[in-house]
Structure formats: C-alpha cells, structure tokens
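Asks: Take this structure first; my questions come after.
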Amino acid sequence: MSLTDDIKELRARTQAGMLDCKNALEACNGNMDEAAKWLREKGMAAAAKKEGRIAAEGVVDAYIHLGGKIGVLVELNCETDFVAKSDTFKELAHNIALQIAASKPLFVSKEEVDAESIENERKIYKTQALNEGKPEQVAEKIVEGRINKYFKEVCLLEQEYFRDPTKTIRDIVNEAILVTGEKITVRRFTRYEMGEGLQKREDNFAEEVAKQIAGE
C-alpha cells in the first residue's frame, strides 16, 4: 500500500487532516496504530491549549429511540457558528447523543461527580476488598482501580465509545478539536427513559438501544 493510501486510511479512521495524517505516519514509521495514537495525543494537546477559550456556539442534538421509549438532548459547544454548522461537528453531536442513549451516563466528566458520592463509593469498595480478605495496603489499590472503573461507567467523557471501544468519548471530542481547530465541549445532557422511577416490569432499554445502535 502506498503512503497516499495509508494517509487516506488514517484520515478515514481518525478524521484528522491530510497533513496531520502524513506527519503522523512519518513520525511512526508507517505504523497505522501508532499513528492513530500519535494523532489522539496531539488532539489532547490541542484541547489543552484551547482550554481557556470561550465556546459559546454549537448545537443541541436530539435523539429518540425505541418508538419514543428513550429520548436524549445534548448540548455541544464550539467557538464559531461556522464550525457548529459543519458535518464533523453535527456528526459528533449525534454520536454523543447515541452514546448517552445506549450507555446511561450520569455526569459529563469526573469533575462533576460530587465528593460525597466518590467518598461513598470508596467506602463501599474498601469494605468489599477487606471482606474479600485483602490486606489494607492492597485494598487501597483495589479501591483506586474500582473508582476509575466507576468513572468510566457514570462519566460520559470517560466511557468507551460505542463505535470503537479503543477510544473514549473524550478521545473523539479531542479528534474533532484537531479537525476543526476550535475548542469543543459537552456542556450538558438529559436522558429520558419512559417510566423511569415507576414500579413496572423490568425492561433493559439501555441494552436494547446498545444492540440496535451497534447494528447501524
């Protein structure tokens, strides 16, 4: 396969610009996986540089699934109306809405999780580890691992992306930052599930949504 073909494949895989893909492949001696990782790290660096910038434009994307049984609204922000109207940005917003429908996050990021909830989780995990017969020092390490797992379950940006489990939602946001050149943030979301909180027959809608989305 030629360098041009490799660049096209990497671009299709990451949505990064042609020059960035070329530079990534050259920096990684043509290794596709390493080049994708290189671009992901570059996206993280780009996101960090734009942290202080204001993102007040964007879109609110809506997604309804299972004949109206699950609904999602998500607000995705960027810096300009031009980017807000781009296909890259709109596709990102829609995929994030699909992720929320399928994976039921409770928070956007780890920073939103209140200290009391984290402390309660720590106590539960430590008690579990000690009950399993683990020494105190080992139990503390187990707690940290389980807290990280907890964040991956309840925080949108830490979740595995349903279309590519090798990436997180934070990764795909950073990739979009690399493509658009603008700060992009998930500001907020709301997920509705019909009958949620009511006593009724147990329906695992989230699991059904995940299966259907995976087949799209």
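Any read-out appearing in this document is the output of simple, stated calculations on the displayed coordinates, not a laboratory observation. In this text, all values refer to a predicted model and were calculated from it rather than measured experimentally. FYI the Cβ positions are ideal-geometry reconstructions off the backbone, even for glycines, and counts take in every protein chain you see.
Asks: Rounded to whole Hz and in sequence order, give me ³J(HN,Hα) for the range 73-81 from the Karplus expression 6.51 cos²θ - 1.76 cosθ + 1.60, θ = phi - 60°, writing x for Gly and Pro.
Replies: Running phi through 6.51 cos²θ - 1.76 cosθ + 1.60 with θ = phi - 60° gives 10, 9, 9, 10, 10, 9, 8, 10, 5 Hz.
Asks: Let me ask something else. For the ranges 130-137, 7-14, what's the packing order if you count other beta-carbon atoms within 10 Å of each residue, average per peptide, and put the highest first?
Replies: 7-14, 130-137
Asks: Taking K and R as +1 and D and E as -1, what net charge do the other residues with C-beta under 15 Å from the C-beta of Lys22 add up to?
Replies: Around Lys22, the surrounding residues sum to -2.
Asks: My understanding is that a pair violates if its Cα-Cα distance is over 24 Å; which of Lys22/Lys167; Lys49/Lys149; Lys22/Lys149; Lys110/Lys167; Lys123/Lys152 do that in this structure?
Replies: Violating the 24 Å limit, Cα to Cα: Lys49/Lys149; Lys22/Lys149.
Asks: I would also like to ask the following. Just for the Cα atoms in the chain, what are the lengths along the principal axes, largest first, rounded to whole Å?
Replies: 56, 47, 37
Asks: When only alpha-carbon atoms count, how far does the range 1-49 stretch along each of its three principal axes, as whole angstroms with the largest first?
Replies: Result, largest extent first: 35, 18, 15 Å.
Asks: Tabulate in residue order the Karplus-calculated ³J(HN,Hα) for the range 22-38, using 6.51 cos²θ - 1.76 cosθ + 1.60 with θ = phi - 60°, rounded to whole Hz; enter x for Gly and Pro.
Replies: Per residue, the Karplus-derived 3J(HN,Hα) values read 4, 5, 5, 5, 5, 5, 10, 6, x, 6, 5, 5, 5, 5, 5, 5, 4 Hz.
Asks: Report Rg/Rh for the range 1-89, rounded to two decimals, where Rg is the Cα radius of gyration and Rh the Kirkwood radius.
Replies: Expressed as Rg/Rh, it is 1.11.
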